[in-house]
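One structure is given below, encoded as structure tokens.
The values are calculated or read from the model by the stated rules, or taken from the named source; none is laboratory data. Here the structure is a predicted model, which is why all the values come from computation and not from measurement. Every residue, glycine among them, receives a Cβ derived from its backbone with ideal geometry; neighbour counts consider all protein chains shown. In case anyone asks, the SASA skips ligands and DNA or RNA and just uses the protein heavy atoms, side chains included. Shrake-Rupley method; radii C 1.70, N 1.55, O 1.52, S 1.80 Å.
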Amino acid sequence: MSRKNILIASGVVLVAAAVVVANLYFRRDKGLSVTTEAIRSRDLEAVVSASGKIQPKRLVNISADTPGRVVDLAVNEGDRIRRGQFLLQIDPKSLRTRVEGGTASLQAAQGSLDQMRQSVETGKVQLQQARQTLARQQDLWRQQLTTREALDKAVNDVKAAESAVQERLKLLRPQESRIAQERATLESARYDLSKVRIESPIDGIVTRRNIQEGETAIIGTMNNPGTVLLTLADMSIIQAEVEVDETNIPHVQLGQRAKVTIDALPDRSFKGHVTEIGNSPIQAAGTANTTQATNFKVVVVLDEAVPDVRPGFTATADIVTATRTAVVAAPIPAVAVRELVYDANGQIVREPHADKRRTSGVEPTAAAAELKPGQTRKETEGVFVLRSGRAEFVPIKVGIAGEEHFEVMEGVHQGDTIVAGPYQAIRDLKEGARVKPSRESNDTTNRARRS
């Protein structure tokens, strides 16, 4: 073979080899591109968020104790008031008439009682005179200086005087009772008259005014509530009344700290603490829908003053139900659920890794008949740990959930690199699949390990 033919043959072999190498290179399994994160310790807070309304801790509804027309109204909605400040007055004319009539009746009854007492005193004097006369007649009778008729008359006069005194004393008791009744009626009228002038029982603001000057205030009865004239709120202590879902209420406890944000004051947050947890679910007025979400009332008292706040402002309370310091944590999106096979000793039965081209997709589930004796299949929570370029599903036991991370109590350790995203990749990722960390995740992992 000539030199030229040898060169041509060599060139053909090299080209063929290059084609084969290139084909193998481009057809090789490079792995699914994922983001990864190194497990490290973090400080976590479990938070229950609930929305509701801002309300004052002390709210007073002012109603009328006596019916009548409002003749003087001194406040408007939004006015700040002080304890003892005059608010409004109901027309006192009819009540003044009652007081004046009661006073006159009491004076008349007292005058009659005085006359009766004077009559009793007069009767006692007459009785004393009759007894003296009887004594003289008895002395004269013993001296045979008077008649039997005169003696009997003196005896009868004493008896008549005693009877008259007893009768007059009996008349005193009903009159005294009448005076007591008249006095009670007068005190009731005076009390009602004092109620026509209404003053503020607290320091605060007028949050609602339901009546105008000239309108008639109606008092309540057993079955019908009276007119609420004014609503006063003591805004020195305010609270957020929020509705917590039934699934979160077992984690909420008295005294837990909270952060309250108010929609009307978006640039600030306020500290508070839980002071009340409802024992019964909130019932929506006029509804009996059993499919409605079950919520419980939780009260969070704010620990600081809030300027320019008004009752009814919409608020959100973030209640810290648990805290952890320097615990192993994994990103919430990294936690997945897979169906694993366990042997009789509770150990995971893993299939040997096969170098498959497909790196994603849901693994086919074996039928129950394919399980060996003693094996069971169970859905397990875990993360994919990066080991030798492959994703290995490792079961974990989670604790509290922070804002972005789960507390990991068992399964992985600080420094392990796990698949953190994207979400769809984790959802479809299967055991033993080849993965390729992205450049961004490499930088994040290196920073995490250095920290």
(request) Report the net charge of residues surrounding residue 179, where surrounding means a beta-carbon distance below 12 angstrom and charges are Lys +1, Arg +1, Asp -1, Glu -1. (result) +1
(request) Would you list, by chain and number, the lysines whose Cα falls below 17 Å from the Cα of residue 195, excluding same-chain residues fewer than 8 positions away? (result) 93
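Only loop residues by DSSP count here, and only those with at most 13 other Cβ atoms within 10 Å; note down the GluC sites (Glu not before Pro) in region 181-216 that meet that.
On the way: sites: 182, 187, 199, 213, 215; in loops: 213, 215.
The qualifying sites are 213, 215.
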(request) Could you pull out every one of the lysines with an alpha carbon less than 30 Å from that of residue 159, ignoring same-chain neighbours closer than 8 positions? (result) 124, 170
(request) Between the alpha-carbon centers of region 50-115 and region 263-278, tell me the distance in whole angstrom. (result) 37 Å
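Rolling a 1.4 Å sphere over the protein heavy atoms, what is the accessible area per residue of region 93-234, to the nearest Å²? Walk me through the numbers before you get to the answer.
Details: 9160 Å² over 142 residues.
Ligands and nucleic acids excluded, the result is 65 Å² per residue.
Suppose accessible area is computed on protein heavy atoms with a 1.4 Å probe; arrange 407, 167 from highest to lowest.
On the way: 407 20, 167 100 Å².
So, going from the largest accessible area down, we get 167, 407.
What order do 116, 409 take when sorted by accessible area (1.4 Å probe), most exposed first?
Greatest to least solvent exposure: 409, 116.
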(request) Between the alpha-carbon centers of region 144-168 and region 233-248, tell me the distance in whole angstrom. (result) 87 Å
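Over 31 Å between C-alpha atoms is what I'm after, so list which of 259/436; 372/430; 297/378; 397/430 land there.
On the way: 259/436 41 Å; 372/430 22 Å; 297/378 38 Å; 397/430 20 Å.
Among 259/436; 372/430; 297/378; 397/430, the Cα-Cα distance tops 31 Å for 259/436; 297/378.
Given a 1.4 angstrom probe, I'd like the percentage of the accessible area of region 79-138 that is carbon and sulfur, rounded to a whole number.
On the way: 1720 of 3760 Å².
That share works out to 46 percent.
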